[in-house]
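J.: Can you read through this structure? Questions will come right after.
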């Protein structure tokens, strides 16, 4: 198989890449860190959270690094005042849209959203909190879904569909009323498609999905299975 | 037109409150009311949360005694799971509960109340605080800081952090104790016991100067309520809830936590967010009872540790029946610090204290659970109901300070009648009214530490006319 090599510049550095790679992949290979949230290696990128937006010379729009392929001669900027402002605002939206009370959360200290806020220096929030009224679904014998902490990254939806093959999860509703559901909006505990494999729980970046029996700050997510399983599945296809 | 004096906010207590003193046309006090002006809403917003979250969630009620809430809440959750938690976990929970008791009592006695006791009720308010104490009585101030630090650091080393640790969980504790930590704490206890005993002696020497305060600081017959062990010793973690009267006659030998509602009812006053629980069989408001260090020493037969028992024997000489003046809460607090240190030492010496099995796991097996324990300020009660998913459908919390609400109101009325006179505000007199509240060390569900810096506005009113106004802070 012939692989075409393209050259591009990221933050002023000339880098080489294989055609078909995304900006995020190439940046990662070259030690350039771009913040992400919905993206998870081993799952198909969807560019939903927009935290990985970058500037590309010649494009007036900001492009998500996880879904934009590299092209010959591309000039990418991953860090600028404008990008930092956008990312910070997106992060603030994520926090204010739900009810993220880190102090009493099972994922406190082990949460990707919390960690990103720390990394991006989110020491206060400028947009008003919405304090929505959201449910908790604890009908599953082993797992709990707390909509208050869900940021709609859809990692659970993708891992269940792409890796486990059960497609228990989906997203219903529109805009700000969207939420993840199991089996056409039936209680998770009554789902007939769920295999109780727990992959969704372990790819969830926050405390929205967690195992029962854990107290505050006790829910560590283990994802070692994901690269292995996605490689196996890729080989099979 | 009758006059009203308002003390707002009350200083050197934990939380926000104010006091209103009502006077008749002759300038004599007719009534005084203690208003808690902050609202928290924990019982309501916990609804819908998984019961497993409750210890950490309710611990956020307070930054001073989060451990007390962890313990009472975890006990209620144990009931929901219907498990008997490992014996070692019980002992470890007892140790952290006692550490909480020691640090909180040290805060109350040394940081908040000892300025009144050592510098005098009429001392200049600008120096009548822990900083003033550091200048005039550096040893007492340092002793207090050392005791509090000991309690806090035991909590930190056992549970990971000083404030709002998450180590106490439904079913036990999350990590066992290590031999190194046990030995470390055991080594630290003897000097702390010296401090505690030295402080008790100093306090006993101060008595003569406070005869009027002892006589009028909420000194009245009432019921007392507190936990005792099966052999009637002082107890803070588990046991039966005993009620005694002013003569120390047993009114009820042992209320089971699950049946507390048969004995305790709750009233709501229109002028305060703090509930007013009362003893149901006597009714409201006469069914007033007191909880906390004074009540615990009045209900128990003995402490169960040698030095504390020796101190308790001297304490009993104050009165043939129950010790009634709330001024003696301070005294009781110092005895409990000695007990807490001795008991911690005894527990750490237990052969199974290092056992690795410290947590029971279970799904919810009951729909209702009550957890009762002794917080520094008195009996603390967490009562939860859950649905089939294990989500909280209803909760009731009775915080120690609430139990004492009716007693505090009666106490400030008594002190105001004794010390507040005429239409001129005497700073020392108003400080005494506040000091009655401080005897109870009320924790108004908040982590506000006001060490004399909080502004205090007191107004003496005749209708809309302000007769006198004082500002301090």
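The values are calculated or read from the model by the stated rules, or taken from the named source; none is laboratory data. Please read these numbers as outputs of a predicted model, since none were measured by experiment. Note that we place each Cβ from the backbone using ideal geometry, even for glycine, and neighbour counts take in every protein chain shown.
J.: For residues in region A:116-129 being free of Cβ contacts under 8 Å to residues at least 60 places away in the same chain and surrounded by 13 or more Cβ atoms within 10 Å (Cβ to Cβ), which is nearest to the other protein chains (Cβ to nearest Cβ)? First the steps, then the outcome.
T.: Going residue by residue through region A:116-129, those that are free of Cβ contacts under 8 Å to residues at least 60 places away in the same chain are A:117-118, A:121-129.
Adding the requirement that they be surrounded by 13 or more Cβ atoms within 10 Å (Cβ to Cβ) leaves A:117, A:122, A:125, A:129.
On the way: A:117: 19, A:122: 21, A:125: 19, A:129: 14 Å.
The qualifying residue nearest to the other protein chains (Cβ to nearest Cβ) is A:129.
J.: Follow-up. Against the conditions (1) more than 14 Å from every other protein chain (Cβ to nearest Cβ); (2) more than 16 Å from residue B:55 (Cβ to Cβ); (3) touching a strand residue (DSSP E or B) at 6+ places or on another chain (Cβ under 8 Å), where does residue B:382 fall short? Just the number, please.
T.: Tallying (1) more than 14 Å from every other protein chain (Cβ to nearest Cβ); (2) more than 16 Å from residue B:55 (Cβ to Cβ); (3) touching a strand residue (DSSP E or B) at 6+ places or on another chain (Cβ under 8 Å), residue B:382 fails exactly one: (2).
J.: Taking residue B:357 as the residue in question, decide whether it is more than 19 Å from residue B:92 (Cα to Cα) and either away from chain A (no Cβ under 14 Å) or under 14 Å from the mean Cα position of the chain (by Cα) (or both). Walk me through it before giving the result.
T.: Values: more than 19 Å from residue B:92 (Cα to Cα): no; either away from chain A (no Cβ under 14 Å) or under 14 Å from the mean Cα position of the chain (by Cα) (or both): yes.
No, not satisfied.
J.: Also, quick follow-up: Scan region A:13-28 and give yes if some residue there is at pLDDT 95 or above and on the phi > 0 side of the Ramachandran plot, otherwise no.
T.: No, the conditions are met nowhere in region A:13-28.
J.: Go through (1) outside the structural domain of residue B:279 (by TED's automatic domain parsing); (2) surrounded by 13 or more Cβ atoms within 10 Å (Cβ to Cβ) one by one and return the number of the condition residue B:240 breaks.
T.: Unmet condition: (1).
J.: Do we find a residue being over 16 Å from the mean Cα position of the chain (by Cα) and within 14 Å of chain B (Cβ to nearest Cβ) anywhere in region A:91-98?
T.: No: zero hits.
J.: With A:211, A:218, A:162 as the choices, which residue is away from every other protein chain (no Cβ under 14 Å) and closer than 23 Å to residue A:40 by Cβ?
T.: A:162
J.: Name the residue that is surrounded by the fewest Cβ atoms within 10 Å (Cβ to Cβ), counting only residues in region B:98-153 that are closer than 20 Å to residue B:328 by Cα and in contact with a strand residue (DSSP E or B) (Cβ under 9 Å, 6 or more places away or on another chain).
T.: Top of the filtered list is B:112.
J.: Filter region B:150-194 down to the residues that are within 14 Å of another protein chain (Cβ to nearest Cβ) and part of a helix (DSSP H, G or I) and list them by number.
T.: Listed by number, the list holds a single entry, B:159.
J.: Going through region B:65-84 one residue at a time, which ones are surrounded by fewer than 24 Cβ atoms within 10 Å (Cβ to Cβ) and in contact with a strand residue (DSSP E or B) (Cβ under 6 Å, 6 or more places away or on another chain)?
T.: Answer for region B:65-84, where residues must be surrounded by fewer than 24 Cβ atoms within 10 Å (Cβ to Cβ) and in contact with a strand residue (DSSP E or B) (Cβ under 6 Å, 6 or more places away or on another chain): just B:79.
J.: Here is a further query. Which of the helices (runs of 4 or more DSSP H) found entirely inside region B:14-118 contain at least 2 residues meeting this: within 13 Å of chain A (Cβ to nearest Cβ)?
T.: Once the helices (runs of 4 or more DSSP H) in region B:14-118 are filtered for at least 2 residues that are within 13 Å of chain A (Cβ to nearest Cβ), what remains is B:42-45, B:54-59, B:66-81.
J.: Kindly establish whether residue A:144 is touching a strand residue (DSSP E or B) at 6+ places or on another chain (Cβ under 8 Å), touching a residue at least 24 places away in the same chain (Cβ under 8 Å), within 14 Å of chain B (Cβ to nearest Cβ) and more than 25 Å from residue A:34 (Cβ to Cβ).
T.: Judged against the criteria, residue A:144 is a match.
J.: List the strands (runs of 3 or more DSSP E) inside region A:128-237, counting only whole elements, that have at least 2 residues being assigned by TED's automatic domain parsing to the domain that holds residue A:115 and farther than 29 Å from residue B:174 by Cβ.
T.: Answer list for region A:128-237: A:169-172, A:179-182.
J.: Assuming residue A:13 fulfils every condition listed in (1) out of contact with any helix residue (DSSP H, G or I) (no Cβ under 9 Å at 6 or more places or on another chain); (2) in contact (Cβ under 8 Å) with a residue 24 or more places away in the chain apart from one, which condition is it?
T.: That leaves (2) as the condition not met.
J.: What about residue A:199, is it more than 14 Å from chain B (Cβ to nearest Cβ) and under 16 Å from residue A:40 (Cβ atoms)?
T.: yes
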